[in-house]
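A.B. asks: Below is the structure I would like to discuss, written out as structure tokens.
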Amino acid sequence: MKNKLSHFAIPYVVWMALFVVAPIIMVVVYAFSAAEGGFTLANFARMGTYTVVFTRSFKLAIIATLVCLLIGYPVSYMMSKEGPRFQRIAMVLIMLPMWMNFLLRTYSWMSILENNGLLNQLFQKIGLIALYNSIFGTDIQFFRMMNTQGAVVLGMVYNYLPFMILPIYSVIVKLDNSLIEAARDLGADTFNVFRRVILPLSLPGVLSGITMVFVPSVSTFAISKMLGGGTEMMLGDLIEQQFLGGAYNPQLGAAISLVMMIIVVVCMVVMNRFGEGEEQAVML
Amino acid sequence: MKKNTSLLNRIFMALVFVFLYAPIILLIIFSFNAGSSNTVWKGFSLAWYTKLFHNRIIMQSVYTTLLVSLLATVAATVAGTFAAIGFYAMRRRVREPLMTVNNIPMMNADIVTGVSLCLFFVALFNGWHNFAVWFNNAQRTFILVENLHMGFGTLLIAHIVFNIPYVILSVGPKLRQMDKNLVDAAMDLGCTWMQAFWKVILPEIKPGIVSGALTAFTMSIDDFVISYFTAGSSSSTLAMTIYGMTKKRVSPEINAISTLLFVTVLALLAIVNIREARQERRALQRV
């Protein structure tokens, strides 16, 4: 019986071979071939000229991931303490922005952060800019927020925060309450309950949240272009340029993509070592 | 003391929600702006909505987005459900490597998935071109199209590729929660395996299928990067149109279409949630 049912997966296995495995093989082949054909490692050597982009991408993605964790963990924890009705509505509210394409949301930030944008207008109204001028003896009309690295990080945090909250929340909410009670009975205070029971048990969710924020952050290209104004080039922009932009060089683009894939594999290996909770965690 | 901390918690959460929703609400407010600026309010007007319906480029890309998302969701839900059942019935040694491959499009950076599919389609079309030329030269009865281009077809395939894993991931756990003896019992009582599928398995995993379909649709609507690399130049999703605009100037019709889409989603979600709540209440009453 069970064997018959397993035949249901055969079409999908063929599909995966065609549209998942074969494309990845293409990337590997391109990464190791020269423009005129033949094996080469030159594509990887050329990446050395883009060290700045690599370090910037990693720096911004790590900052964004940390900020997401610092906001996302408390939110998940507090949500799990609320009633079921509150939790349900909060979950919907966290998912809801994702239904609006992320470019739309990022585009909205552009008009908020502009030099004469809404945030600067607000700062002017409440006298923050005047205050800043009087304290530092400067004469600025606005805070420059667009086209900075800060704006790019903000865009990442804004877009990927739900990816941090959802996996952490789904792990915390399933925690066995009797474990917490047992810890209390055995004399642990609130802080110790958190540190020695809740935190270790929610680690799979945290790790999957970190992966789910870090991977898209380090590879983003639209956000950095829109909020960073093209000056803060990231790995994603670099890849895009090699395929559809001015610096056409698909071999180099494939090589950078391959590096990106290796980063993802490393993340997955780390996550898998922390037990089985991960699969559910990824899926809310 | 206790009351105090929970109030602080609420305030913190409220701030996070303000952060999440402020840009969306601003977009909605400025869709009713009489002026064309996104920062200066010039009075109420519906002008951008009228202009929106006359903007062929935006309307066409909205249509493409909805069509590709719907088709991809339906295809991925059906395919993903069957695949999940197949995986479930497999031995662990066979299933685990396949699940790893299945997870690749989900875990990989979008841009890598997009790039890999783009390279694959180009290579595939080149191969097809050579084959078609050879084939057309060899005989004259049957003429094959020689030049294929990326377009709606490749866009749809790409969306199905990244949607199926989400369906499998939400159907899989439901299968594992199912009582294994149910299927065996049905078979013992004379069900064929097709009947066992329709009458026993499907009703058990229905919630997983629904949530998988919802996730798939969300991912399709939200996607930009993979579409950007696989749609070619002939078709464009809403996200691609907006991205093209940000290089010059974004026209405020975008605010109007965002508002319409958002309100539609809000209404749909409200209906789904109210229905769910009502069903739960009814189930409780029965108990």
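A.B. asks: Please identify the helices of chain A, taking whole runs of DSSP H, that span at least 24 Å along their own axis as judged from the Cα atoms and have a mean Kyte-Doolittle score of -1.0 or higher.
C.D. replies: Counting only whole DSSP H runs, the qualifying helices are A:51-80, A:149-172, A:199-219, A:250-273.
A.B. asks: Continuing with this model, one more query. Pick from A:193, A:171, A:28: which is most flexible by mean-square fluctuation in a GNM of chain A where alpha carbon atoms under 10 Å apart are linked?
C.D. replies: A:193
A.B. asks: Dipole of chain A, Cα-centred, from +1 at each Lys and Arg C-beta and -1 at each Asp and Glu C-beta, to the nearest 20 debye? If you can, show how the numbers build up before the last one.
C.D. replies: Working: 17 positive and 14 negative charges, 58 e Å.
Result for chain A is approximately 280 debye, rounded to the nearest 20.
A.B. asks: Same structure again: I want the local charge near residue A:214. Using Cβ-Cβ distances under 14 Å, sum +1 for each Lys or Arg and -1 for each Asp or Glu among the other residues.
C.D. replies: Values: positive: A:59; negative: B:110.
Neighbour charge sum, excluding residue A:214 itself: 0.
A.B. asks: Remind me, relative contact order of the range B:56-250 in percent, using alpha carbon pairs under 8 angstrom and six or more residues apart? Can you show the working numbers first?
C.D. replies: On the way: 203 pairs, mean separation 78.3, N = 195.
The normalised contact order for the range B:56-250 reaches 40 percent.
A.B. asks: Right, here's the next one. In this model, which of A:59/B:247; B:42/B:247; A:4/B:206; B:42/B:248; A:59/A:81; A:125/B:42 are farther than 30 Å apart at the alpha-carbon? Spell out each step's value before the answer.
C.D. replies: Details: A:59/B:247 26 Å; B:42/B:247 25 Å; A:4/B:206 21 Å; B:42/B:248 23 Å; A:59/A:81 34 Å; A:125/B:42 18 Å.
A:59/A:81, as the Cα separations exceed 30 Å there.
A.B. asks: State, as an integer percentage, the relative contact order of the range B:143-249 based on alpha-carbon contacts under 8 Å between residues 6 or more apart.
C.D. replies: Numbers: 76 pairs, mean separation 48.2, N = 107.
Relative contact order, the range B:143-249: 45 percent.
A.B. asks: Could I have the simple spin-label model distance between residue A:179 and residue A:149, label points 7 Å from Cα toward Cβ, reported in nm to one decimal?
C.D. replies: About 3.8 nm separates the two model spin labels.
A.B. asks: Rank the residues A:199, A:113 as a footprinting-exposure proxy: fewest other Cβ atoms within 10 Å of their Cβ go first. Could you put the intermediate results ahead of the total?
C.D. replies: Values: A:199 14, A:113 22.
Ascending number of Cβ neighbours within 10 Å: A:199, A:113.
A.B. asks: Here is a follow-up. Using Cα positions and a limit of under 14 Å, work out the aspartates and glutamates in reach of residue B:174, with same-chain residues fewer than 8 apart set aside.
C.D. replies: Within reach: A:279, B:204.
A.B. asks: Run the quick spin-label model on residue A:59 and residue A:116: label points 7 Å from Cα toward the beta carbon, then report their separation in nm to one decimal.
C.D. replies: In this crude spin-label approximation the distance works out to 3.2 nm.
A.B. asks: Quick one: what are the phi-derived ³J(HN,Hα) couplings along the range B:90-99, Karplus 6.51/-1.76/1.60 with θ = phi - 60°, whole Hz, x for glycine and proline?
C.D. replies: Whole-Hz 3J(HN,Hα) from phi for the range B:90-99: 7, 6, 3, 4, 7, 5, 4, x, 5, 5.
A.B. asks: In whole Å, how far is the Cα centre of the range B:212-226 from that of the range A:143-173?
C.D. replies: Cα centroid to Cα centroid, the span is 19 Å.
A.B. asks: Quote to one decimal, in nm, the extra length available between residue B:264 and residue B:91 on full extension: 0.36 nm per residue of separation minus the C-alpha distance between them. Intermediate values should be presented prior to the final figure.
C.D. replies: On the way: separation 173, 0.36 × 173 = 62.28 nm, distance 4.35 nm.
Contour length minus the Cα-Cα distance gives 57.9 nm.
Taken together, the values in this text are just the output of simple stated rules run on the coordinates, not laboratory data. Bear in mind the structure is a predicted one, so any value in this text is a computation, not a measurement. A quick note on method: Cβ atoms are made from the backbone with ideal geometry, for glycine too, and the neighbour counts reach across all protein chains shown.
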